[in-house]
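Each value in this text was obtained by applying a stated rule to the coordinates, not by laboratory testing. On a predicted model such as this, the values are computed, not experimentally measured, just so you know. Every residue, glycine as well, gets a Cβ built from its backbone with ideal geometry; the counts of neighbours run over all protein chains shown.
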Amino acid sequence: MADTLESIAATAARFFDAVENGDPDTLAAIYDPAVEIWHNTDRLTITREENLVVLRAFIERAPRRRYTDRRLVAFPGGFVQQHLLIAEFANGKVLELPACIVCAVSGGRITRLDEYFDSKPLERLAG
């Protein structure tokens, strides 16, 4: 069965809700086993397993996360979402990261994820 725009939008919502809710098992289920994940900041492509390690660590270090100003556009074969990620870390620091994510979706799973963001807020967080 072909993905509809509604099912693609639902996949996107499930993905971002899973990050907010700290649910790596749902994230793993949404990713296609052969998913490719790329970030503009290092221009490297990583695997599902590598990304899940990063997401689990992020969830542990930032116990409160939310996506605000979500602007989602579903199209045949995928979606684009712009948002503001607000993450509150256990040490009290807060990250506000505007980002854009472009995903390919097939069979209700993300097969490719490209994430674009300015790394400056991460540098400030580390400083």
> If Lys and Arg each add +1 and Asp and Glu each add -1, what is the summed charge of the other residues whose beta carbon sits under 15 Å from the beta carbon of residue 59?
Replying inline: -1
>> Taking the Cα centroid of the stretch 88-127 and of the stretch 14-51, what is the distance between the two, rounded to the nearest whole Å?
In response: 11
> So what's the net charge close to residue 11: Lys and Arg +1, Asp and Glu -1, counting the other residues with Cβ under 12 Å from its Cβ?
Replying inline: -2
> How large is Rg over Rh for the chain, taking Rg from the Cα atoms and Rh as the Kirkwood inverse mean of 1/r across Cα pairs?
Replying inline: 0.95
>> Along the Cα→Cβ direction, 7 angstrom out, place labels at residue 5 and residue 91. What is the inter-label distance in nm?
In response: 4.5
> What is the spin-label model distance, in nm, from residue 119 to residue 47 if the labels are put 7 Å beyond Cα along the C-beta direction?
Replying inline: 2.4
> For the chain, what's the relative contact order in percent, using C-alpha pairs closer than 8 Å and at least 6 residues apart?
Replying inline: 28
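Going by how many other beta carbons lie within 10 Å of each one, how would you line up 50, 6, fewest first? Mind dumping the intermediate values first?
Numbers: 50 12, 6 9.
Taking fewest neighbouring Cβ atoms as first place, the list is 6, 50.
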> Sorted from fewest to most neighbouring beta carbons within 10 Å, what does the list 93, 120 look like?
Replying inline: 120, 93
> From the square roots a ≥ b ≥ c of the eigenvalues of the alpha-carbon gyration tensor of the stretch 50-106, which class results: rounded (a/c under 1.5), prolate (a/b over b/c), or oblate?
Replying inline: oblate
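How much net charge surrounds residue 45 when only the other residues with a Cβ under 12 Å from the Cβ of residue 45 are counted, with Lys and Arg +1 and Asp and Glu -1?
Numbers: positive: 43, 48, 112; negative: 36, 42, 50, 114, 115.
Taking every Cβ under 12 Å from that of residue 45, the sum is -2.
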